[in-house]
Amino acid sequence: MKDLAIYIHIPFCSSKCYYCDFISFPRMDGRVEGYIDNLMGEVALYRDVLRGYNIRTIFIGGGTPNYIDGRYIYNILKYIHKNFNCGGLEEVTIEANPESLDLEKLRIYNEAGIDRISIGLQTLDDRLLKGIGRGHSSMDFYKAYDLVRKVGFQNVNLDLIFGLPEQTLKDSMDTLKKATSLDVEHISFYSLILEEGTPMDNWHREGRLVLPDEDVERDMYHMGVGLLKAGGYEHYEVSNFAKESFRCKHNLYYWKLKPYIGFGLAAHSNMDNRRFWNHRTFSKYYASLNEGLFPIEGEEYIDKELEMAEYMIMGLRMIEGIDRDEFYNRFYVDVEDIYGEVLKRHRIQGLLDMDGNSIRFTSKGLDLSNLVYVDLLPD
Amino acid sequence: MRKVKQSNVRNFSIIAHIDHGKSTLADRLIEKTGRLTDREMQSQVLDSMDLERERGITIKLKNVRLNYRGEDGEDYVLNLIDTPGHVDFNYEVSRSLAACEGALLIVDATQGIEAQTLANVYLALEQDLEIIPIINKIDLPSARPDEVKKEIEEVIGIEASDAPLISAKDGLNIEAVLEEIVNKVPAPKGDKDAPLKALIFDSHYDTYLGVIAHIRVMEGVLKPGMEIRMMATGKHFEVVEVGVNTSGQEAVDQLEAGDVGYVVANIKNVKDARVGDTITDHEYPTAKPLPGYKQVVPMVYAGIYPAEGEDFNSVRDALEKLKVNDASLIFEPETSVALGFGFRCGFLGLLHMEIVQERLEREFDLNIVTTAPSVIYKVKTSSGEVLEIQNPTNLPEPTEMEYMEEPIVDASIMTPTDYVGAVMELCQDRRGEFKNMEYLEETRVVIHYDLPLNEIIHDFFDALKSRTRGFASLDYEFKGYERSELVKLDILINEEPVDAFSIIVHEDKAYERGRTIVERLKDEIPRHQFAIPIQAAIGSRIIARETVRALRKDVLAKCYGGDVSRKRKLLERQKEGKKRMRQIGSVEVPQEAFLSVLKYDED
């Protein structure tokens, strides 16, 4: 049986953060029940399709999955267990914001088989939290974190963002120090991305946002990497750090371009060289499911050339890089024959490190990865 | 085809400033005389190029024949000969005016006379045309017809009290215009028994017929089978067809003295049917050609290069096709270190250059890079030779030059008195030499300046418009060459001079221009993995410098399952952008950088 990862999208939250461009609807409490019903309907549709698959990881993301009643999460996971082969499950993650976490929800999550909590903390500076539209304070976080541990979760991730408006190098390092001193198992340390159409992107265009300049931002990254490593974390992906044996298994499925199915509004799936994605509005999503159809809005076929490029691009995100043998065994062709020239050029420019069996970014390469990616894409 | 006697023919053109409603009036005249059905009557029939329509200006001449039964019950033939509305095409205007006996002067009832209009009125007066003032846009609440009439009388000195007040847009009072044409434009004179004498006022290339020359027969008769001679070039051709322009082309048996029409004679290239040339009978030629012929010379030069990934040959083919229809466009191959193989092209002026550029892009779907425009400089070398320099790269070493000369134009700027200060400041800033100022009326003046052409080709018009809120208008004509302290300004990117960026500027302007260009390039050149110095230099002396700092970050911080396709699209867009760049040494320079150097800095 083949391995598979499952993603479940919960498109609800209490309020939209100023940088967020995910499909999520604030305070639509009245929609929740109907949505969960439909989501279960979608799960059932895949019963036959996924018969030959072994579900290894589940990731419940959003939105804010812990914004909705814990019962819903419980029901979805039970239903997944009922419909698919879940005997080999290795990791079940839920994303959570600090202010909506409580003891009751955490207990239900535990009962439902969730074993990893990913907390959207972003920063521990209360002033900066306000500036990006988060609904919690640093105190809210500490309380929530206590509960998480109290209920017994032993795999916790903190999402942190650096390069925030008006954030100084010291600000960002302060947060990191506090976070590492908690000894969490996993930390995601992201550079802020201004996505098109978000309020922050608009403010930036209007010149109303003071962002740290590129040099400071990169200093944050590199000093952050150093600090995390010194704190006992392995830097295993561009923005991800883990204590030993706590890498996020679910995300590794993405980076290794393995099959996954996404359930819910606007969720993406990747299977059998097809990438497809669901409708982004409730009405279309529901209408398809009402007719017993897969709620798919669009798809693209990934041919071998593109697949190789994506494999390289995703694979290079991992610090250990690409394994030449694995490349050969997946595509039956030597990576040198396809990308030899590009790789060589970027090695000379100091962006890539290559030895007998692996190809990976140098520290400079991590900063300028797009320059390599662009050359890896088919013409 | 209905024939009328010579005394019932009226040949006229329309003089108007851009936006004053020339094309709309032409449409109305065509409509009123029933030439076209509504379906054919797309708005602005005469302006047929897309570009013309978009900008509301006429570039290519058109003519159309209208049949009109006057209030006196007589049948008249009215030949409308259109004129291009831009200073770049002054010569064409003068030739089409030479084909007429009268001109309608359309003046906007709110705005009054503009510089361009006045320049064309002078051209018309030189041709001894009867000028008939028409006040348009009378429907607007801001219309002030009485003042405008008074202005016409004072400025041009023609009677305007009876000028028809019309609204071309609403079709108001169009009959009055037709009657004015019949009653005031003189009928053509000219002996149909004399040897043939016909003026070419336009020509264009037709895929099936070859060159179609648009002509006014001054004397004699022109008919198929005749052997004709082009008096300027001496070439001769057999006439295949003659005809008149109605809604399309309509062949006729013959054209005779006074008639306007076209001739087809197996001519393969428009340069053999030049505007202003006289057609005569090859066997019984007239003694003297019509006056006023001259070969137009390009005033502005620029390099046109295929953009990265574009084929040199397709650019050459396209230029050749344009040239077939545009005798004033000239080009020859040249090479640039930065841009590779391309062409040095000569244009009548900036608008002409822009037109060619846009047509290459739109009609031929080509990606091109155009270099900063330049005028022709004259260089007296130490050995006593005089060189004409169109391309800054060809300039000899400073030590080999005795002195340089640059073209000067005689510019007239018409402006409301409120902006006199702003206009003078601009002209002064552009090295202008004040000549005089005339009051047209209490609130409007014409200011005359001698201005270097190379100052005009750098955004002068836009600067003028922005400083006068669009109220000032400009006209200029070539005056001559004058000695000037000019230097070659080089731009170095990453320590390498880039020939395509070199310009010739006046010594006093070099620092400012250099500063502007390097600052602009700094914004246009994307950050690379290394720092890139951008320098402006005169000879070996660096006069301005900026640095494009090294790129520190180009990264997708986050990429998970749902994101893969979207992030890949972002990368694909980045890759596309990269393809459109020019590699100069190890630096990738986007096309916009080349264009940005073109612009003159305002404030």
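The values are calculated or read from the model by the stated rules, or taken from the named source; none is laboratory data. This structure is a prediction, so every number in the text was calculated from the model and none was measured. Using ideal geometry, Cβ is built from the backbone for each residue, glycine included, and neighbour counts are taken over all protein chains shown. Just the protein is used for accessible areas: all its heavy atoms, side chains included, with ligands, DNA and RNA removed. Shrake-Rupley method; radii C 1.70, N 1.55, O 1.52, S 1.80 Å.
With the simple model of a label 7 Å out from the Cα in the direction of the Cβ, B:GLU592 to B:GLU363 spans 2.9 nm. When A:TYR109, B:TYR403, A:TYR301 are compared by accessible surface with a 1.4 Å probe, the order from highest to lowest is A:TYR301, B:TYR403, A:TYR109.
Over all directions, what mean area does the Cα convex hull of region B:63-201 project, stated in square nanometres? The partial results should precede the final answer.
Working: hull surface 37.6 nm².
With every direction weighted equally, the projected area is 9.4 nm².
A helix-only calculation puts chain A at -13000 deg cm²/dmol for mean residue ellipticity at 222 nm, using -39500 (n - 2.57) for each DSSP H run of at least four residues, averaged over all residues. DSSP assigns beta bridges within chain A; of those with both partners inside it, close to 40 percent run antiparallel.
For peptide B:573-580, compute the average count of partner chain beta-carbon atoms within 10 Å of each residue's beta-carbon. Write down the numbers at each step before the final one.
Details: counts 1, 5, 8, 1, 1, 3, 2, 0.
Averaged over the peptide's residues, the number is 3.
Looking at the calculated P(r) for region A:79-205, what percent of the C-alpha pair distances fall above 18 Å? Here the tail beyond 18 Å accounts for 57 percent of pairs. Taking square-rooted eigenvalues a ≥ b ≥ c of the alpha carbon gyration tensor, is the protein assembly as shown rounded, prolate or oblate, where a/c under 1.5 means rounded and, failing that, a/b exceeding b/c means prolate? Verdict is prolate for the protein assembly as shown. Look at the dipole of the protein assembly as shown built from charges on Cβ: of A:ILE68, B:VAL386, B:PRO416, the Cα furthest out on the positive end belongs to A:ILE68. No disulfide-compatible partner, judged by a Cβ distance under 4.7 Å, exists for the following cysteines of chain A: A:CYS13, A:CYS86, A:CYS248.
Potential lengthening of the chain between A:ASP183 and A:GLU244 amounts to 20.8 nm, from the contour at 0.36 nm per residue minus the alpha-carbon distance. In region A:205-227, comparing the full protein assembly with the chain on its own, the residues that lose 20 Å² or more of accessible surface at a 1.4 Å probe are A:GLU214, A:ASP215, A:ARG218.
In the protein assembly as shown, what percent of the accessible surface is made up of carbon and sulfur (1.4 Å probe, ligands and nucleic acids excluded)?
Working: 19210 of 40800 Å².
So the carbon and sulfur contribution to the accessible surface is 47 percent.
Using only side-chain charges placed at the Cβ, +1 for Lys and Arg and -1 for Asp and Glu, the dipole size of region A:305-376 relative to its Cα centre rounds to 320 debye.
With the cut-off at under 19 Å, measuring from each backbone N in region B:424-445 to a point 7 Å along the Cα-to-Cβ line of B:GLU507 picks out B:429-433.
Between A and B, buried accessible area summed over both sides at probe 1.4 Å, in Å² to the nearest 100?
Working: alone 17200 and 26960 Å², together 40800 Å².
Its buried surface, counting both partners, is about 3400 Å².
Counting partner chain Cβ atoms within 10 Å of every residue's Cβ in A:364-373, what's the average?
Numbers: counts 2, 1, 2, 6, 8, 6, 10, 7, 1, 10.
Mean partner shielding for this stretch: 5.
For B:LYS3 and B:THR233, what does the FRET efficiency come to when R0 = 35 Å and r is the distance between their Cβ atoms, rounded to the nearest 0.05? My answer for the efficiency is 0.65. Projected over every direction and averaged, the convex hull enclosing the alpha-carbon atoms of chain B yields 32.3 nm².
Dipole magnitude of the protein assembly as shown about its Cα centre, charges +1 at Lys/Arg Cβ and -1 at Asp/Glu Cβ only, in debye to the nearest 20?
Details: 119 positive and 166 negative charges, 696 e Å.
Dipole about the Cα centre, nearest 20: 3340 debye.
Grouping the Cα pair distances of region B:148-247 into 5 Å bins from zero gives a pair-distance distribution of 2, 9, 12, 17, 13, 10, 12, 11, 9, 5, 0 percent in increasing distance order.
With a 1.4 Å probe and all protein chains left in place, how much accessible area per residue does region A:240-282 have, in Å²?
Working: 1380 Å² over 43 residues.
Per-residue value: 32 Å².
Could you please tell me the mean projected area of the C-alpha convex hull for region A:305-376, averaged over all directions and given in square nanometres to one decimal?
4.1 nm²
A simple spin-label model places the labels of A:ASN110 and B:THR381 9.4 nm from each other, with each point 7 Å out along Cα-to-Cβ. Between A:MET1 and B:ASP523, the C-beta separation translates, for a Förster distance of 45 Å, into a calculated FRET efficiency of about 0.20. Look at the Cα gyration tensor of region A:2-254: its axes a ≥ b ≥ c give a/c of at least 1.5 with a/b over b/c, and that counts as prolate. Counting only DSSP beta bridges with both residues in the protein assembly as shown, the antiparallel share comes to about 70 percent.
When chain A is treated as a GNM with alpha-carbon contacts under 10 Å, the residue of A:VAL156, A:VAL333, A:VAL43 showing the greatest mean-square fluctuation is A:VAL333. Computed from the C-beta positions of A:GLU195 and A:THR362, the FRET efficiency with R₀ = 41 Å rounds to 0.90.
Annotation for A:LYS130 and B:THR246: the two label points, set 7 Å from Cα along the Cα-Cβ direction, are 8.2 nm apart. Ellipticity at 222 nm from helices only: DSSP H runs of n ≥ 4 in chain B, each -39500 (n - 2.57), divided by the residue count, give -7500 deg cm²/dmol. Of A:ASP174, A:ASP183, A:ASP355, the residue with the greatest mean-square motion in the GNM of chain A, using alpha carbon springs below 10 Å, is A:ASP355.
Of the residues in region A:267-289, those shielded by at least 30 Å² of accessible area once partner protein chains are present, compared with the chain alone at a 1.4 Å probe, are A:HIS268, A:ARG275.
In a DSSP loop and with at most 10 other Cβ atoms within 10 Å, there are no trypsin sites (Lys or Arg not before Pro) in region B:494-603.
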